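Notes follow once the structure below has been shown.
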């Protein structure tokens, strides 16, 4: 925003130091963005706004929404710009809200918003117009509730991705069964999928750190093996899966990161540490988990039977 700071407060265009300072403060509080109406409220005229745009001091992001000074805006500015575009009463929604709630791990490319107004989608912003908009404030932004967010993203996620999202919501203590039931109205897109996922809810999916660990849990589910604790603390290490009653640990070797001599040495030292504590260690490769699931399940089942106290 250095360009604004250099403006003459007594120039022939009629800009005043006070108006410039107001613009700076508003933009800084909003991650570097401002709306046309806010510029007018700060004391700029339509003519002044046009000249600021011409001189590059305002960069158009969306209709009547600008970045101030430069287009390298902060992430918060990107979200604020979308909300300014969508108008009063709008909030973050769908994939954007899911990422902000930590329900999903990947942020959507476009910013998704809901609004009761008439704004339309534009470059980088997808505007939704639900019949009813219920928003809550979280980290400076208005967003759809966690339950509504799960309902909104359900149609675009695979069933397994939705299971992960449900587990993440549970882990973040965002699940409200009564609220979730209320948003799953008959005929709403994704309702049937979300009901199936709720019936197969696996909270442990929120604690896994890789797709290979996810596959281990799904093998256990398929073969009705008690689920392990993913990534618990055992001394200085965190094994991929632990059955504490049976003192059984499963470690998974995924890809090239376990193929180097150094990594194999570290794996062997970790396994020795576990054995020194009387744990049985079973180690599987990606190929075994992916292609030999029944054999992996049978070995784990036998180890649990042998080591679980009666």
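We did not get these values from a lab; they are worked out from the coordinates using the rules stated. Not measured: the values here are computed from a predicted model. Backbone-built Cβ (ideal geometry, glycine too); neighbour counts: all protein chains shown.
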- Item | region 92-171 and region 206-235: distance between their alpha carbon centers, rounded to Å | 27
- Message: Cut-off is 10 Å between beta-carbons; in what order do 34, 49 appear when sorted fewest neighbours first?
- Response: 49, 34
- Query: Got a sec? Which residues in region 217-233 would a label at residue 160 touch, if it sits 7 Å along Cα→Cβ and we count backbone N under 20 Å?
  - Reply: 217-231
- Query: What spacing in nm lies between the two simple spin-label points modelled at residue 218 and residue 262, each 7 Å away from Cα in the Cβ direction?
  - Reply: 3.3
- Sort 163, 118 so the one with the fewest other Cβ atoms within 10 Å of its own Cβ comes first. 118, 163
- Note on the structure: Percent antiparallel among DSSP beta bridges confined to the chain, nearest 5, equals 65
- Among 264-273, 222-231, the order from most to least packed when residues are scored by Cβ within 10 Å on average: 222-231, 264-273
- Query: Using alpha carbon centroids, what distance separates region 184-200 and region 18-88, in Å?
  - Reply: 41
- Task: Quick one: work out the % antiparallel among DSSP beta bridges in region 208-307, nearest 5.
- Result: 50
- Once both labels are modelled 7 Å past Cα along the beta-carbon direction, what's the residue 209-residue 178 spacing in nm? 3.9
- Summing -39500 (n - 2.57) over every DSSP H run of at least 4 residues in the chain and dividing by its residue count gives a helix-only mean residue ellipticity at 222 nm, to the nearest 500 deg cm²/dmol, of -13000 deg cm²/dmol
- Task: Mind pulling the angle between the C-alpha long axis of helix 211-222 and the longest principal axis of the chain? Nearest 10 degrees, somewhere in 0 to 90.
- Result: 50
- Task: Report, in degrees rounded to the nearest 10, the 0 to 90 angle that the Cα long axis of helix 293-307 makes with the longest principal axis of the chain.
- Result: 60
- Query: Rounded if a/c is under 1.5, else prolate if a/b is larger than b/c, else oblate: which is region 208-307, with a ≥ b ≥ c the root eigenvalues of its Cα gyration tensor?
  - Reply: oblate
- For region 249-298, rounded, prolate or oblate, judged on the Cα gyration tensor with a ≥ b ≥ c (square roots of eigenvalues), a/c < 1.5 rounded, else prolate if a/b > b/c? oblate
- Task: With N set to the residue count of the chain, report its C-alpha Rg divided by 2.2 N^0.38 Å to two decimal places.
- Result: 1.37
- Query: How high is the FRET efficiency from residue 46 to residue 301, r the C-beta distance, R0 51 Å, rounded to 0.05?
  - Reply: 0.10
- For region 93-201, what is the percent of antiparallel DSSP beta bridges, rounded to the nearest 5? 55
